[in-house]
Amino acid sequence: MNNSPHVRLLAGAMLLWSTALHASAQLVISEAKPSGDEWIEVRNQGNTSVDLAGFTLADDLEDASLWVVPSMTLDAQARVILNAPFQLSAGELVTLRSPQEDLVDALPIHPELPWGHSVGRPEESLTGWCMYDAPTPGQPNFGTCFSGIEPAPSLFPLSGMYDA
């Protein structure tokens with residue numbers, strides 16, 4: 001088992017989210033793209049509009065420098081693309097907090113996420129995570145769901161000249 005600090009942080013955050021938050025979550029971080037034109041997509045999966053005034057985003061579970069989401073109303077079943085002023089990196093945890101500073105959702109960015117890919121939830125999922133090779137900002141996440149990165153193949157025997 002990989003016991004790196006990033007993996008432990010992501011595993012702990014997911015345990016926290018799944019045990020404490022998912023039953024009442026109306027807002028979720030549905031997708032994030034960390035490389036190049038970075039963005040975070042927030043989806044209102046509820047049946048009523050939500051005023052985003054006072055909600056915050058951060059790229060760390062314990063980050064004290066939260067970014068306040070611009071005041072706007074997010075209609076039921078709608079999504080919004082947010083361009084936070086911080087840089088997203090593979091291995092980080094994007095967090096969404098309520099105006100009362102309660103953790104609403106957290107999305108782990110896979111430590112080995114390739115450049116140009118995104119990470120997000122498949123549509124209608126509260127607990128699953130995927131890597132997408134074709135990000136879908138503002139659209140449902142119906143692309144191919146990749147769960148990980150395969151290691152590079154190793155060839156044996158090594159190339160060269162052999163007697164037999």
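Just so it is clear, none of the values below were taken in a lab; they were calculated from the coordinates. What you are looking at is a predicted structure, and each value in this text was computed from that prediction instead of being measured. Heads up, the Cβs are rebuilt from the backbone with ideal geometry, glycines too, and the neighbour counts pull from every protein chain shown.
Label separation (Asp51 vs Gln100): 1.6 nm, computed from points 7 Å beyond Cα along the C-beta direction.
Shown here for segment 81-164: chymotrypsin sites (Phe, Trp or Tyr not before Pro) in loop regions (DSSP other than H, G, I, E, B) with at most 13 other Cβ atoms within 10 Å, namely Trp115, Phe142, Tyr162.
For segment 57-138, GluC sites (Glu not before Pro) are listed when DSSP marks them as loop and at most 16 other Cβ atoms sit within 10 Å of their Cβ; the list is Glu62, Glu101, Glu112, Glu123, Glu124.
Between Phe142 and Glu112, what is the label-point separation in nm under the 7 Å Cα-to-beta-carbon projection? Result: 3.0 nm between the two label points. For Cys145, the shell of other residues with beta-carbons less than 13 Å away shows a net charge of -3, using +1 for Lys and Arg and -1 for Asp and Glu.
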